[in-house]
Amino acid sequence: MAEQKWDVFISYAHNDDGWVQNLADNLYRADFEVFIDSWEIEPGDKLVHKIDEGILKSKTGILVVSPEALSRPWVIEEYAALMRRAVEGKQRLIPVLLADAEMPPLLASRIWVDFRHAYGPEYEKNFAILVRALKGERPKKPDRNGSISLPADDPFRPEGPVYRTLQISKDRASFLGGWKEARHQPRGLRFEDNQRIHELQAMRRKSFSESDFFTRRKDAASEGSKPQTDDNTYGKLLAAGAALTGSFLSGDAGSALRQAIKEASSVGKHIASSYEFV
């Protein structure tokens, strides 16, 4: 067997040279010795002899697959040589898919690395797969520690609460979401809104003391149910809450608050707000 001089021999079409050169650069940075014609073949060299040397003295052959590559005579010749050596166990052959193309049956039977439409993180992930293959490494299995990981496309992210501040005064409602602030001028309480609040206060004084009222609310909340008041009182609580919401949060600050709650809920977070009545 010929003495190995390179880790990787890259066969490709020159129409794809920009992408392939970048791949060769990345492989070299990853500590592989790479045979690519732009680095190894100089003016005056006998082309066929240099290509023969590159194939014979490389541990692995990479065929960059694209319609252009599979139609070029030189690439077809290199593929034939690489495949024969791979079948004889003298070399590995890894197809790298750059674009959709109809591969020869023998090439299609080999596991390929798919770079079609791979950009950003997807390119990095597939490049890491290629590096592991060139090193002969198997993907690392997770530790058997009983933990559970979520699928990559699962929107839930248990990252704790989102902290926001809601400020309310008679002249301004402001919602601070990170570095953004949304504000508007509240419309104020209307006559019917005041009526709902007064009715609730009168009913609360009549039913039980204020301390007992809040104790019952706290107990009910810990049980995951609505406050243990009669239906009429509970209905008036909801009506008063709706009145206050409409009076003070009908505007940009209220819209920003609702959007923040919606976004947090979609990824499994909750809003930890501080309220300031000024």
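The values are calculated or read from the model by the stated rules, or taken from the named source; none is laboratory data. Keep in mind it's a predicted model, so treat the numbers as computed, not measured. Cβ placement follows ideal geometry from the backbone for every residue including glycine, while neighbour counts extend to all protein chains displayed.
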* Structure fact -> Output for Cβ contacts, cut-off 8 Å, separation at least six or different chains, first residue on the phi < 0 side of the Ramachandran plot and without any contact (Cβ under 8 Å) to a residue 40 or more places away in the chain in the range 119-139, second part of a helix (DSSP H, G or I) and surrounded by fewer than 15 Cβ atoms within 10 Å (Cβ to Cβ), reads 138/132; 139/132
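Of the residues that sit in the range 225-267 and are modelled with pLDDT under 65 and part of a loop (DSSP other than H, G, I, E, B), which one is nearest to the chain's Cα centre (by Cα)?
In this case the residue turns out to be 267.
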* Structure fact -> Residue set 37, 45, 25, 31; condition more than 33 Å from the chain's Cα centre (by Cα) and farther than 22 Å from residue 83 by Cα; output residue 45
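Based on this model, can you work out whether residue 87 counts as buried (at least 17 other Cβ atoms within 10 Å of the Cβ) and not basic (Lys, Arg)?
So residue 87 fails the test.
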* Out of all the residues in the range 30-37, is one or more of a type in the set (A, V, I, L, M, F, W, C), part of a strand (DSSP E or B) and in contact with a helix residue (DSSP H, G or I) (Cβ under 8 Å, 6 or more places away or on another chain)? -> yes
* Structure fact -> Counted residues in the range 38-52 being farther than 27 Å from residue 105 by Cβ and either in a loop (DSSP other than H, G, I, E, B) or touching a residue at least 12 places away in the same chain (Cβ under 8 Å) (or both) come to 10
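Condition check: surrounded by 14 or more Cβ atoms within 10 Å (Cβ to Cβ), modelled with pLDDT under 95 and assigned by TED's automatic domain parsing to the domain that holds residue 117. Does residue 45 satisfy that?
No.
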* To do: Among the residues of the range 246-259, write down those that are surrounded by 14 or more Cβ atoms within 10 Å (Cβ to Cβ) and not aliphatic (A, V, I, L, M).
  => 246, 247, 248, 250, 251, 252, 254, 255
* Select from the range 110-142 the residues that are of a type in the set (D, E, K, R) and part of a helix (DSSP H, G or I) and write down the one among them that is nearest to residue 153 (Cα to Cα). => 122
* To do: Go through the residues of the range 94-117 one by one and say whether even a single one is touching a residue at least 24 places away in the same chain (Cβ under 8 Å), more than 21 Å from residue 133 (Cβ to Cβ) and within 33 Å of the chain's Cα centre (by Cα).
  => yes
* Asked: Is it true that residue 183 is surrounded by fewer than 17 Cβ atoms within 10 Å (Cβ to Cβ) and either at pLDDT below 75 or over 27 Å from residue 265 (Cβ atoms) (or both)?
  -> no
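Okay, residues lined up against (1) small (Gly, Ala, Ser); (2) surrounded by 16 or more Cβ atoms within 10 Å (Cβ to Cβ); (3) free of Cβ contacts under 8 Å to residues at least 60 places away in the same chain; (4) more than 27 Å from residue 118 (Cα to Cα):
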position: 3; (1), (2), (3), (4): no, no, yes, yes
position: 13; (1), (2), (3), (4): yes, yes, no, no
position: 17; (1), (2), (3), (4): no, no, yes, no
position: 54; (1), (2), (3), (4): yes, yes, yes, yes
position: 58; (1), (2), (3), (4): yes, yes, yes, no
* Check whether at least one residue in the range 62-83 is of a type in the set (Asp, Glu), within 17 Å of residue 10 (Cβ to Cβ) and touching a residue at least 60 places away in the same chain (Cβ under 8 Å), and report yes or no. => yes
* Asked: If you take the residues of the range 6-57 that are in contact with a strand residue (DSSP E or B) (Cβ under 8 Å, 6 or more places away or on another chain) and of a type in the set (Gly, Ala, Ser), which of them is farthest from residue 68 (Cα to Cα)?
  -> 54
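Every residue in the range 58-82 that is among the hydrophobic types (A, V, I, L, M, F, W, C), part of a helix (DSSP H, G or I) and out of contact with any helix residue (DSSP H, G or I) (no Cβ under 6 Å at 6 or more places or on another chain), please.
70, 74, 76, 80, 82 - these are the residues of the range 58-82 that are among the hydrophobic types (A, V, I, L, M, F, W, C), part of a helix (DSSP H, G or I) and out of contact with any helix residue (DSSP H, G or I) (no Cβ under 6 Å at 6 or more places or on another chain).
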